[in-house]
Amino acid sequence: MERLRIWRIGLLISLVMILLAGCSGDPTLSVLDPKGSAAKIQLNLIYWSLGLMTVVFVIVITIFVYVLVRYRKRKGQDRMPEQVHGSTKLEIIWTVIPIAALIALAIPTVQYTFDLAEAPPAEETVIIDVTGYQFWWEFKYPQYGITTAQEVHIPVGKKILFRVHGKDVLHSFWVPSLGGKVDVVPGRVNTVILDAKEAGVYQGKCAELCGSGHALMDFKVFAKNQADFDKWKDQMKQPAPTVATTSSEANGEKIFQQNCIGCHAGVNPNIQGPNLNKFATRTTIAGVLPHNDENLKIWLRNPQSVKPGTLMPKIDYLNKDELNDLIKYLDSRK
Amino acid sequence: MPTLIVLLVLALFLAAIFTGGYNKQFFERVRSSRTWDWLTTVDHKKIGILYLMAGLFFFIIGGIEATLMRLQLFAPGNELFVGRTFNELLTMHGTTMIFLAAMPLIFAIMNAVVPLQIGARDVAFPFLNSLGFWLFFFGGLLLNLSWIFGGAPDAGWTSYTGLALNEYSPGPGVDFYVLGLQISGIGTLIGGLNFLVTIINMRAPGMTFLRLPLFTWTAFVTSGLILFAFPALTVALLMLMFDRLFGSNFFDYTMGGSTVIWEHLFWIFGHPEVYIVILPAFGIMSDVISTFSKKRLFGYNSMVFATVLIGFLGFMVWVHHMFTVGLGPITNSVFAVATMAIAVPTGIKVFNWLFTMWGGEIQFKTPMLWAVGFIPTFVLGGMTGVMLALPPADYQYQDSYFVVAHFHYVLVGGTVFGLFAGIYYWWPKMFGQMLSERLGKWHFWTFLIGFHLTFFPQHFLGLFGMPRRVFTYQTNVGLERINEISTIGVAGMVIGTIFFLINIVYTLRKGKKAEADAWGLGRTLEWSIPSPPPEYNFAQTPLVRGFDALWVEKEAGNKSMTPSEPLGSIHMPSPSYIPILMSIGFFIAGFGFIVRGIPAAAIGLVVVFAALFLRSFDYDHGYHVEPEDPEKGGKE
C-alpha cells in the first residue's frame, strides 16, 4: 500500500519533469541557452553543482525508499527494534564525504567569482553607463557621446563594461542570455562585464522589486556585428532633422516642445524621462508595447494603463489632429 | 480617535447586554466567564492553544493572498490584480507567513511541549509568556488592519529602503509594516528569552542537557537565535520609523544615507530567522521519526552538535542574500564558502534520520507521513540552497523564480511539513483527542501533491528568465504552460488545508479520546502524564534516568515515571489581565503613530506605562492547588 503511493508520487514528479522538458524556454531569455561568455561560465557552474547535488539526492532517496519499504510495520508484526545509539564510523563517513564534495564545488566557485569581476583591458572595452529609473532604463556611451533608452546596442564579440547607476530606488539589471544580474544601488556604481557571442536581440529585465511597474521594466539588447554596430553608431550621432518637412510634422514639433520637452530632453534635472533621440528607430514603446502608431496613441492617452506607476502623465487633452501630428513628428525622429 | 472611543463604548455595551446588564455582579460574572479565563491565562498549555489558533488564522489569510497571486499569474496579461495591489499581496503574503504564521505556530508547539518534555510545571515567566502572545497578536492585527486603513504595505516583506521610504511609498502602508512588526517582534523576543530561561532553569532532576529531547534542544537553539537576531530587526525598524515619521535620513542616499545599511541589518536578522523557523521543524522530525520507528534517535550527540552548529553558522552567511549588491569578489567568496559549510551539519541530520528508521518498525501514522514527506522535499530545498550559495550561479538565480521555488521548498516543505507533523503528533496531548487518521491522510496527500505541482515547476520559470515579484509576464517565451501548472497545484494545497480544518472541527465534536501515551509509543516525558495534562502538569516532578526518559522506565518494566518529590501542594501563578491591557496600549500607540495622531499615540503609551506600574506593584503571589494522587485513581 505505502509502496504503491511512493511510486505514484515518483510517477507524478517524473511526469511533470517530462512536461517541463518539453518547453526549454525562449532563446532570447533563458539562462539555459547562454549567448555570452559570462552566461556560459555561470551555466557551467550551475550544471556542475546540479550534477553533484543530483548524486547526493539519488543516494539519499535510495536509502530513503529502501528503509521505508524494508522496515515498514507489517500486519500482525510486533517486533522490538534494537535501540542503536549511533555509529561513529558511519557518522564520520557522512561528514567527510560532503566536505570533500563541497571543496570540489568551492574551488571553481571562488575561481569564477574572481574571474567574472576582473575588468578587461580598457582599450578593447565598450563602456556603457546604465541608469535604472522607475520604470525604464537609460544607456549612455561615454566613448561615443550617445544617449538612448530602453534599447541598448552592443558589438558582438567585444567585452562590454556596464557601469550601473541608480537615482531613485533599487533595481536590478539582468540579461539572462548574456549573464547574471547586478543590482542598481542609488549612490553606488556597480559594474558587470558581459559580451555576446552571436548577433541577436536579447531581453533584459529588472529583477528587484521597484514599485508598481516593476513587472514591466523591460529592455532589449541588440547584439550586432561590428559593421552593423558602427552603422547604428553613426546614425545615432547624426543630428536630428531640425526642420520638419511637412506642415503636420512641424505642428507636431511645436506640440512636442510645448508638452514633452520638459522631461524628455532633460531640461529639468529633477524630472527626467527617457531620451527620445531616434525614437522612430526603436522597436518598442515604453519597453513593452510593439512600436506602432496605434500603441503610441494608447500609451500617450493613458500611460498608467500600460505601465502602472509610471511618472509619464496622461496626454489626453490633445485633440485628434494634434495627437496625430505629434505622432507624425515622433515617427520622423530617425 | 473618536472612532476608538465609540468602538470601546460599543464593546462595553455589547458585553453588558450579553451578560445581563451592569450591576454589582457584572465584574464577577465577567471574571468567571470562559472568555475572560482565556484572555488572562498564564498557563503555557492554554497560551500554546492561543498561539496555535492565531497562527492558523494568519496561515489561512496568507494562503488566500498566495492563491490570489497565483490566479493573477495563471495567464499572461491577466488584469485581476496588477501594479500596486499585486505588490500589496506579495508583501502581505510574505510578512504574514513568516511573522504571523510560522513564528506563532512554532511558539504554539514550543509552549505546548517544551515544559512537558523537561518535566516542568510551567515556563519560567508565565506572565511574560502571556505578554509575548498578546504583543504578537496585536502586532499582527495592526499589520492586517492596513488593508482597510489606507492600503497594505507594498515594498516586499524585505521592505528594501529606497522603495520603502515616504518618497516612493507614500501613504500609511509601510508604517503598518514597521509598527506592526515592531510590536509583534517585541513579543517574539520576550518569548525567546522565556524559553531560554525555562530550558536552562526548569529541568526536572536528572534531565541533563544531553538528555533533552531533540525538540527541546532545537527550541533552545532557536530561542538563542531569536535573542541575537531580533534586535537587528528592532534597530532596522526603528531607523525606518524615524525616516518615515520624523524625517531622519538613515536610508536616503541623497542625504548621505544608504540603502545597503538596511539590506545588511535586515539580513543579519533575516537569515537567522530562516533557521529560527526551520530548527524546531528539525526537532519535531527527530522526535516523530524516532517515535514511529520505535527506535532511539540515531547519533543523538551529533544531532545536538549539528543543531548548535547550524545555529552558529546561521549568523555567518547573511550576505548570500546580497551577492548582486556589488560587495566585491572577496566578500562574496567568503560568504559563499560559509554558506556551503551549513550543508554539512544539515546532511548529518538527514542521514541520522534515515538511520533512525533503518532497522526500526515504521508505522505510517499521520505525523510520520508528514515527517516522511519532509525528507525528500527538504533535501530538494537544501540542494538548491547549495546551488544558490555559489555567487556566479546566484547572479543568474537571484531574484528570479528559482529563488521562490527554493525557499518554498525549505519553508513549506521544511517548516510547514514539520509543523503539520508536530500538530498531528501533539494534538492529543494539547486537546486530549486524536485527530482523525483518515482525514489526516487526505490532508497529507493532497497537500504534498499540490505543493510539488506548484513549486517544482517554478525552478524552471526562474531559469527561463522570469523575475520574482512580477504581476505579469510576456507571451510566447515559454512561460505560460509552467505558470498554468503552478497555479493548478495551488488547488491541491487549498484542498489539503480544507481537509485539515474539517479534521479539526470533526475532532473537536466527536474525536476519539486520547490516552496519556496517545500513540502507545511515547518515549519522552510528555507522554507520562494525562492528555490533556492537569493545570500543574506533573503531580510529582519526575526523576529522569536517561535520554528518552519514559522509554527508559518502560524498558525497566515501570508503568510510570519515578517521582523525585513527595506529593504536596503546588504553587501556581495567578492569571492576569495586565498582558492584554499592555498589548492593547501598544496597539493604540502604534495605530496613533501610523495615522500621525500624536494624542492617540500618547494615550496608548500612557496605557502601557500604567500597565507597567500596575505590574510593578502587583503583590499577587499566586495560589496553591492540591494535586490528585495518580496512584489513587484521580483524574486519568
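The values are calculated or read from the model by the stated rules, or taken from the named source; none is laboratory data. Source: prediction; values computed, not measured. Please note: Cβ atoms are built from the backbone with ideal geometry, for glycine as well, and neighbour counts cover all protein chains shown. Quick note on the areas: whole protein, heavy atoms, side chains included, nothing else; ligands and nucleic acids left out. Shrake-Rupley method; radii C 1.70, N 1.55, O 1.52, S 1.80 Å.
Using a 1.4 angstrom probe on the protein heavy atoms only, could you order B:His264, B:His93 from most to least accessible area?
Reading off the accessible areas and sorting them downward yields B:His264, B:His93.
Starting from the range A:69-145, pick out the trypsin sites (Lys or Arg not before Pro) whose DSSP state is loop and whose Cβ has at most 12 other Cβ atoms within 10 Å.
A:Arg74, A:Lys75, A:Arg79
In whole percent, what relative contact order does chain A give with Cα contacts below 8 Å and a gap of six or more residues?
Working: 513 pairs, mean separation 52.9, N = 334.
Once normalised by length, the contact order is 16 percent.
Just to be sure I understand: of the beta bridges DSSP finds with both ends in the range A:122-237, what percent are antiparallel, rounded to 5?
Roughly 65 percent of the DSSP beta bridges within the range A:122-237 come out antiparallel.
Among A:Phe279, A:Tyr329, A:Thr310, pick out the residue whose Cα is farthest towards the positive end of the charge dipole of the range A:247-331, where Lys and Arg carry +1 and Asp and Glu carry -1 on C-beta, about the Cα centre.
A:Thr310
Run through the DSSP bridge list for chain A and note the antiparallel percent, rounded to the nearest 5.
Of those bridges, close to 70 percent are antiparallel.
Determine the total buried accessible area between chain B and chain A, counting protein heavy atoms only with a 1.4 Å probe; round to the nearest 100 Å².
Approximately 8500 Å², summed over both chains.
For helix A:320-331, report the angle its Cα long axis makes with the longest principal axis of the Cα atoms of chain A; keep it between 0 and 90° and round to the nearest 10°.
70 degrees
Between rounded, prolate and oblate, where does chain B land on the alpha carbon gyration tensor, with a ≥ b ≥ c its root eigenvalues, rounded for a/c under 1.5, else prolate if a/b exceeds b/c?
Oblate is the answer for chain B, as a/c is 1.5 or above yet b/c matches or exceeds a/b.
Which value, to two decimals, describes the C-alpha radius of gyration of the range A:122-237 once divided by 2.2 N^0.38 Å?
1.00
For chain A, which whole-number percentage of the solvent-accessible area (1.4 Å probe, protein heavy atoms only) is attributable to carbon and sulfur atoms? Before the final figure, lay out each step's value.
Numbers: 9300 of 15710 Å².
The computed percentage sits at 59.
Of the listed peptides B:418-424, B:251-257, what is their order by residue-averaged count of other C-beta atoms within 10 Å, with the highest listed first?
Descending packing order for the listed peptides: B:418-424, B:251-257.
Per-residue mean of other chain beta-carbon atoms within 10 angstrom of the beta-carbon, peptide A:92-100?
So the per-residue partner count for this stretch is 4.
Determine the dipole magnitude for the range A:122-237: charges of +1 sit on the beta-carbon of Lys and Arg, -1 on that of Asp and Glu, nothing else is charged, the reference point is the Cα centre, and the result goes in debye to the nearest 20.
My answer is approximately 40 debye.
Leaving ligands, DNA and RNA out of it, rank B:Arg244, B:Arg203 by accessible area with a 1.4 Å probe, largest first.
From most accessible down to least: B:Arg203, B:Arg244.
Would you mind checking the tilt of helix A:2-22 against the longest principal axis of the Cα atoms of chain A, expressed as 0 to 90 degrees and rounded to 10?
Helix A:2-22 and the main axis of chain A meet at about 30 degrees.
Give me the number: length gained by fully extending A:Asp321 to A:Ser247, i.e. 0.36 nm times residue separation minus the C-alpha to C-alpha distance, one decimal in nm.
Here the segment from A:Asp321 to A:Ser247 would lengthen by 25.4 nm.
What angle do you read, to the nearest 10 degrees and between 0 and 90, between the alpha-carbon axis of helix A:37-70 and the longest principal axis of chain A?
30 degrees
Going highest first, how would you order B:557-564, B:470-477, A:26-33, A:199-206 by mean Cβ packing within 10 Å?
Numbers: B:557-564: 14.0, B:470-477: 17.9, A:26-33: 19.6, A:199-206: 21.1.
Ranked from most to least packed, the peptides come out as A:199-206, A:26-33, B:470-477, B:557-564.
Loop-only trypsin sites (Lys or Arg not before Pro) in the range B:4-99, please: DSSP not H, G, I, E or B, and at most 10 other Cβ atoms within 10 Å.
Answer by residue number: B:Lys24.
With +1 on the Cβ of every Lys and Arg and -1 on the Cβ of every Asp and Glu, and nothing else charged, how large is the dipole of the range A:247-331 about its Cα centre, in debye rounded to the nearest 20? Could the numbers behind the result be given before it?
On the way: 9 positive and 9 negative charges, 58 e Å.
Here the range A:247-331 has a charge dipole of around 280 debye.
May I ask you to give the percent of accessible area on chain B that is carbon plus sulfur, with a probe radius of 1.4 Å? Present the calculation step by step, with values, prior to reporting the outcome.
Numbers: 15460 of 22080 Å².
Summing carbon and sulfur atoms, their accessible area is 70 percent of the total for chain B.
Taking amide H positions as placed in the peptide plane 1.01 Å from N, state which residues far from A:Ile127 in sequence (5 or more) or on other chains have amide H under 5 Å from it.
Residues meeting the criterion, in which the H sits 1.01 Å from N, are A:Gln143, A:Leu161.
Would you work out which of B:Thr259, B:Gly314, B:Phe269 lies farthest towards the positive end of the dipole of the range B:212-353? Charges go on Cβ: Lys and Arg +1, Asp and Glu -1.
The Cα lying farthest towards the positive end belongs to B:Gly314.
Given axes a ≥ b ≥ c from the Cα gyration tensor, I'd like to know whether the range A:247-331 is rounded (a/c under 1.5), prolate (a/b larger than b/c) or oblate. If you can, show how the numbers build up before the last one.
Numbers: a/c = 1.32, a/b = 1.09, b/c = 1.21.
Because its axes are fairly even, with a/c under 1.5, the range A:247-331 counts as rounded.
Compute the accessible area of each residue in the range B:379-405 twice, once for its chain alone and once with every protein chain present, using a 1.4 Å probe on heavy atoms, and list those whose area falls by at least 50 Å².
B:Met383, B:Met387, B:Leu390, B:Pro392, B:Tyr395, B:Gln396, B:Asp399
Indicate the helices, whole DSSP H runs only, in chain B that combine a mean Kyte-Doolittle hydropathy of -1.0 or more with a Cα extent along their long axis of 30 angstrom or more.
B:44-72, B:173-201, B:214-245, B:259-292, B:366-388, B:437-463, B:480-510
Normalised by the number of residues in the range A:122-237, what is the relative contact order in percent for Cα pairs under 8 Å and 6+ residues apart?
On the way: 288 pairs, mean separation 32.5, N = 116.
28 percent.
Any idea what the dipole of chain B comes to, in debye rounded to 20, about its Cα centre with Lys/Arg Cβ at +1 and Asp/Glu Cβ at -1? Walk me through the numbers on the way to the answer.
Working: 35 positive and 36 negative charges, 219 e Å.
That gives a dipole near 1060 debye.
So what is the accessible area of the protein assembly as shown per residue, in Å², with the probe set to 1.4 Å?
The answer is 39 Å² per residue.
Please compute the average number of Cβ atoms from other chains found within 10 Å of each residue's Cβ in peptide A:198-204.
Across A:198-204, the average partner-chain Cβ count within 10 Å equals 1.
May I ask which of B:Lys46/B:Lys295; A:Lys181/A:Lys237; B:Lys46/B:Lys365; A:Lys167/A:Lys307; B:Lys294/B:Lys554; A:Lys89/B:Lys554 have a Cα-Cα span longer than 22 Å here?
Beyond 22 Å between Cα atoms: B:Lys46/B:Lys295; A:Lys181/A:Lys237; B:Lys46/B:Lys365; A:Lys89/B:Lys554.
Please average, across the residues of A:58-67, the number of beta carbons from any other chain that are within 10 Å of each residue's own beta carbon, and give a whole number.
5
Determine which lysines satisfy two conditions relative to A:Lys320: a Cα distance under 18 Å, and not lying fewer than 8 residues away in the same chain.
List returned: A:Lys254, A:Lys297, A:Lys328.
Counting only residues 5 or more places away or on other chains, whose amide H sits under 5 Å from the amide H of B:Ser400 once H atoms are built in the peptide plane?
For B:Ser400, whose amide H was placed from the backbone, the distant partners under 5 Å are B:Arg468.
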